[in-house]
Amino acid sequence: MDSTSTSLLRRLRKPNAEDAWRRFVFLYTPLIYRWARNNGFNSADSSDLVQAVFAKLLVKLPEFEYDPSRRFRAWLITIVRNQATDYWRRAKFNTLGPEGIAEKIPDSFASEDFLEEREYRAFLVSRARQLMETEFEPLTWQACWKYVA
């Protein structure tokens, strides 16, 4: 699994694609949460950020046009970065009032390289394996992993 599943991205464009959304959420929730934690969000705020990102993706993915020459991860990180900035602004506004907004917003999500490519791919492969283990008989997924490995 070298990249994001284009068939999954296509299925997410269709109305009532609950199974595709379940799969997508299963694959990407821990990754988005980890990005948040690695960039200074505490556990509760990271969970809130994950929800905000998926709420935005629910709107954006049905109109998303995948370009194979670009990385889906870069687009996803842009969504995460924008939601993190919005989340931080709301939190600052709620605690400091309007004058608190004038302070510099942390640039913790400045780079799309939150994870090295190798680490990102290993993460997705691990999540895909967990999915296979829940959806297929043990003999089937074990045979697949012996072939792939």
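The values are calculated or read from the model by the stated rules, or taken from the named source; none is laboratory data. None of these values were measured; they are calculated from a predicted model. So basically every Cβ, Gly included, is an ideal-geometry build from the backbone, and we count neighbours across all protein chains shown. Remember, those area values only see protein heavy atoms, side chains included, never the ligands or the DNA or RNA. Shrake-Rupley method; radii C 1.70, N 1.55, O 1.52, S 1.80 Å.
Cβ separations smaller than 6 Å between residues 6+ apart or across chains give the following pairs from the range 66-85 residues that are touching a residue at least 60 places away in the same chain (Cβ under 8 Å) to residues that are surrounded by 13 or more Cβ atoms within 10 Å (Cβ to Cβ): Tyr66/Leu9; Phe72/Thr4.
If the condition is being assigned to a helix (DSSP H, G or I) and of a type in the set (S, T, N, Q), then the range 2-44 contributes Thr6, Ser7, Thr29, Asn38, Ser43. Selection of the range 120-147 for residues being exposed (fewer than 10 other Cβ atoms within 10 Å of the Cβ) and modelled with pLDDT under 75 yields only Tyr147. Restricted to the range 22-78, and to residues that are open to solvent by 70 Å² or more (accessible area, probe 1.4 Å) and of a type in the set (A, V, I, L, M), which residue is farthest from Leu12 (Cα to Cα)? Selected residue: Val59.
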